[in-house]
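This report concerns only the one structure given below.
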Amino acid sequence: MDSLSNINEELETLLNTFKDKSISRVSKYVPLLFTEKQQQVYDNDCHELLAEGSAGSGKSVSLLAAALKYIDHPKYAALILRRQFPQLIQSGGIMDLANDWLSNTDAIWTASDKTWNFPSGATLSFGHMNNENDKTSYQGGSWQFIGFDELTQFSETQYLYLHSRLRKDDYVQTPLRIRSTTNPGGLHNRWVKKRFIVPEKLNPTIQHISMQLDDNPHINKETYLEGLNKLDDDTKAQLRDGKWLDNTTGIIYTFPEENELQSIPNLPKPVYILAVDLGASQIKATTGFVLLGYSEEIKDLVVVIESKAYAGLTVSDIAELIKSYQEQYDLNEIIMDQGALGIGYINELNDRWHIPASGVQKANKLGYRKLLSSAIKNKQIRIVTENNQDLIEELRTLPWNSKGLDAHDGYPDHLSDALLYAYRQCLDYLSKAPAAKSPNKGDEGWSDYEENRMWDAMSHDDKISKDSPWWRQDRRRRR
Ligand SMILES: Nc1ncnc2c1ncn2[C@@H]1O[C@H](COP(=O)(O)OP(=O)(O)OP(=O)(O)O)[C@@H](O)[C@H]1O
Ligand SMILES: [Mg+2]
C-alpha cells in the first residue's frame, strides 16, 4: 500500500511537471515566461520603444518576443536588424535565439532571405546594414514591426530611414511598432540618448524601459559580473550598471547638417586633390580615399566631392583607383599617408605606375585636427551628402581618446584622416585659416608636438617619419 502511494505521488509530480511545461511559455513561439520588465516591453504598443540597460538583462529576448507578438495575423511582417552581418549570425545572437525558439514549431526557415514563414502567412526576417548606404537596400520593403538590436551601433539616419519602411495597408490590423535594445555607450550613444533618455520634449509615442542585471533571474550573475568587473570604469558603468554617460563632448570634429550639399557645386577652373590614408586590413575598410575640389575664384569653399574606404587593397588596386579618379577629375595633387606602408607604396606608384603621388607631412596632427574642426564649424568645408555618407558618419562619431591627444582606439578614422591630409594641402588657398598654432611647453599635446617636430626636422631630406619602419629609422640615427 505504501509503495502504491509512493507511485501515485511520483506520477502526480510528473504530471505537474508536464502541466508546468505547457504553461511555462508566453505563446507557442515564445518558449519562456517573461521577467517583469520583459512583460512591460511586450504589453506596450507605443510607436517607438527602447529596452535599454545592463548587459545580460534580457533585452534581446524582449525584442524577439515583441516581434512575434502579432505573428498570427496573416499580413503581419516583422524585420529585426543588427548593424553588421557577423553580429547577426554570431552564436548566441538574436538570429540564433530565434532558431532555438522556432525550429521545432510549424514555422519554416528560408535561409536565402533569412526569413521565418508562419502558417498564418506572417513573416519574421533578419537583416543588417554594414555601411551607411546599405539602408537603401530596404527601400521598397514594408513592415509592421522593425527591431534594432544594439541601437547605439546604428546611425540616426539609418534609424530614421527605416521609419519610412514601416507601413500598413487598411487590412493589416496590427499596430506599427519600432522596437530597439541597447546598452548605453557605443558609437552612436549621443543621438540615442537624446531621442529616448533625455529628450528635449516628452513625446508619449517614444518611450524607453530600463532593464538591469537584477531584472533577469535566468542569468548566472556571478560569472557575468566577473567579466564585467574587468572593464575600465566608464565601460563598466555602461555595461554593468546601465548608465548613460555624457560622452558628447569627446567628439573630435562634429559635422552640422548645414555643411551638407545636395549636389556638387559649379567650381570654375577647379583644383582637385586626392588624399589616401593607407590601412593594411584585409577585412576592415581601412584604406580611405577622399577627393576635394575648390576654385580660386570662389572664396573659402572646399568641397568634399566623394570618399570611400576599402579593405585589402594591393598597390596595383590603389594605382587603378587613382587612375580612375584621374580620368574623371584631372587631379592636381595626389597625397598619401607616408607611414610604414606608405613610403614603399609611394615609391612604387611613382616608379612603376608613373603616378605622381607624394607623402603627406604628418607633424602636429593634433593642431591640424583642431584647425580642420574649426574649418568645418566655419563652413569652409562642405560635403556632398550622397557620395560621402561614411565620412559624415565618421566625423560625427569619432571620439578623442582619454588624454584628448588622438582618436580613440577602435573607431574608424581612415576617411577623416584622408580628409585631414587633403585639407592641409588647401591651407594656402583658405587664406583666412591661421597657421596651426603650436602648443606651449607643458600644455596638453606639447610632448606629442615636440616629438613630431623632431621627426619632421630629421626626415626633411629623405622622408623618414616616426611611423617609418625601424630599420629606416635606425639607419638615420646611426648617421
Ligand atoms: N525570460 C527569460 N527566461 C529564460 N531565460 C531568459 C529570459 N530572459 C533572458 N533569458 C536569458 O538570459 C540571457 C541574457 O538575455 P538577453 O540576451 O536577452 O540579454 P541582453 O540584455 O540582450 O544582453 P546583452 O546586453 O549582452 O545583449 C540569455 O541567455 C537569455 O536566453
Ligand atoms: Mg542583447
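Things to note:
- Of all residues in the stretch 144-160 being among the aromatic types (Phe, Trp, Tyr) and modelled with pLDDT of 95 or more, the one that is nearest to ligand 2 (Cβ to nearest atom): Phe148
- Single match in Ile283, Ile346, Ile264 (criterion: in the same structural domain as Arg424 (by TED's automatic domain parsing), closer than 15 Å to Ala357 by Cβ and of a type in the set (Val, Ile, Thr)): Ile346
- Under the condition of being near ligand 1 (Cβ under 9 Å from one of its atoms), over 12 Å from Gln40 (Cα atoms) and either outside the structural domain of Gly186 (by TED's automatic domain parsing) or not polar (S, T, N, Q) (or both), the residues counted in the stretch 59-68 number 2.
- Residues of the stretch 75-113 satisfying the condition of being in contact (Cβ under 8 Å) with a residue 24 or more places away in the chain, within 26 Å of Glu132 (Cα to Cα) and not small (Gly, Ala, Ser): Leu79, Ile80, Leu81, Arg82, Arg83, Gln84, Phe85, Gln87, Leu88, Ile94, Met95
- Contacts under 6 angstrom Cβ, first residue in the stretch 328-347 being surrounded by 17 or more Cβ atoms within 10 Å (Cβ to Cβ), partner small (Gly, Ala, Ser) and in a helix (DSSP H, G or I), 6 or more apart: Met336/Gly342
- The set of residues in the stretch 225-251 that are of a type in the set (Ser, Thr, Tyr) and either within 15 Å of ligand 1 (Cβ to nearest atom) or touching a residue at least 24 places away in the same chain (Cβ under 8 Å) (or both) comprises Thr235, Thr248.
- Residues satisfying the stated conditions in the stretch 278-306, i.e. at pLDDT 95 or above and of a type in the set (Asp, Glu): Glu306
- Helices (runs of 4 or more DSSP H) lying entirely in the stretch 320-427 (those with 3 or more residues that are over 28 Å from Met129 (Cα atoms)): 340-351, 365-377, 414-425
- Residue match in the stretch 360-380 (condition: more than 29 Å from Gln153 (Cβ to Cβ), out of contact with any Pro (no Cβ under 7 Å at 6 or more places or on another chain) and among the β-branched types (Val, Ile, Thr)): yes
- Close pairs from the stretch 23-47: first assigned by TED's automatic domain parsing to the domain that holds Ser164, partner aliphatic (A, V, I, L, M) and surrounded by fewer than 16 Cβ atoms within 10 Å (Cβ to Cβ), Cβ under 6 Å, at least 6 apart: Ser24/Leu33
- For the residues Lys194, Lys168, Lys114, the requirement of being among the charged types (D, E, K, R), touching a strand residue (DSSP E or B) at 6+ places or on another chain (Cβ under 7 Å) and surrounded by fewer than 20 Cβ atoms within 10 Å (Cβ to Cβ) singles out Lys114.
- Glu222 falls short on exactly one of the conditions (1) loosely packed, with under 13 Cβ neighbours inside 10 Å; (2) touching a residue at least 24 places away in the same chain (Cβ under 8 Å); (3) within 15 Å of ligand 1 (Cβ to nearest atom), and that condition is (2).
The values are calculated or read from the model by the stated rules, or taken from the named source; none is laboratory data. Note that the coordinates shown come from a computational prediction; the quantities given were computed from them, not determined experimentally. Counting neighbours? That spans all protein chains shown, and the Cβs are built from the backbone with ideal geometry, glycine included.
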